[in-house]
1. When region 69-83 is examined, which residues are found to be farther than 15 Å from GLY11 by Cβ and assigned to a loop (DSSP other than H, G, I, E, B)?
2. Give me the residue from region 33-68 that is open to solvent by 60 Å² or more (accessible area, probe 1.4 Å) and touching a residue at least 40 places away in the same chain (Cβ under 8 Å) and, out of that set, nearest to LEU10 (Cα to Cα).
3. Going through region 6-32 one residue at a time, which ones are open to solvent by 80 Å² or more (accessible area, probe 1.4 Å) and not in a helix (DSSP H, G or I)?
Amino acid sequence: RRVEFQILILGVDRAGKTTMLEQIKAIFAGRDPLPPGSIAPTVGLNIGRLKVRRAKLLLWDLGGQAALRAIWEKYYAEAHGLL
């Protein structure tokens, strides 16, 4: 049985959160990452799922626009880590 961990990815708008998520996914999938110019900014929430050894990682990439930052705290209680 795999243990699941939820990781929040937070930062201001256009800081590179989604680009980082795509890079991490590519590394663990053993493929080339998407070119940064082809990654659209996140509006709301973008979820990435990874399996790393005996763990499942659920990465929550939350939009960084000022209006969306108010919802970040709703995810804190469920999170095991923060990037």
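The values are calculated or read from the model by the stated rules, or taken from the named source; none is laboratory data. Nothing here was measured: the structure is a model prediction, and the numbers come from that model. Cβ atoms come from the backbone with ideal geometry, glycine included; neighbour counts cover every protein chain shown. Calculation scope for accessible area: heavy atoms of the full protein, side chains included, ligands and nucleic acids excluded. Shrake-Rupley method; radii C 1.70, N 1.55, O 1.52, S 1.80 Å.
1. ALA77, GLU78, HIS80
2. It comes out as ALA66.
3. Result: VAL12, ARG14, ARG31, ASP32.
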